[in-house]
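Everything on this sheet refers to the single structure shown next.
Values quoted throughout were computed directly from the atomic coordinates according to the rules given, and no laboratory measurement underlies them. Owing to the predicted nature of the structure, the values given are computational and were not obtained by experimental measurement. Neighbour counts run over all protein chains shown; Cβ positions are idealised from the backbone, glycine included.
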C-alpha cells in the first residue's frame, strides 16, 4: 500500500462517521469502536433495550443515546469500566438509564476504564 493510501485509510478510520443512527426496537446491541459518533435510539421499542459499550475502545470513542420511545433505554459499560455521571464515578459495570422521550446523553471513552457522560438532557439514573 502506498503512503498516500495508508494515510487516507488511517484518516478515514480515525474520523467519526457523523449522521449514522441505529434504532434498537428490542433486545440489546454491543457497539463497536468503529461505530464511534453513532446516535443510538430505542425508536419502535415496546420494552426495555440495552446498548453495551465496547470493552476495548480507544480514547475518544463516543456515542450519543436518544430515547425515542417511552421505554427504558440502558447504556451498559463493560464490567471493568465505569461511567462518570452526575458528578461521580459509578460502580464498574453499572448501567445508566432513561425512559422519557427526547432524553439524550453522550458518553465518551477517556481511558483507564472510564466513560464520561456529557450533553445530558432529561433524567439519567444509575443502575440501582
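Numerical summary
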{"read-out": "Packing-based exposure ordering (other Cβ within 10 Å, fewest first) of 108, 127", "value": "127, 108"}
{"read-out": "Least to most buried among 22, 81 (fewest other Cβ within 10 Å first)", "value": "22, 81"}
{"read-out": "Global geometry of segment 14-128, whether rounded, prolate or oblate, following the gyration tensor of its Cα atoms and the 1.5 cut on a/c", "value": "oblate"}
{"read-out": "Angle in degrees between helix 3-14 and the longest Cα principal axis of the chain, rounded to the nearest 10", "value": "10"}
{"read-out": "Pairwise FRET efficiency - residue 86 versus residue 22, Cβ, R0 = 22 Å, nearest 0.05", "value": "0.30"}
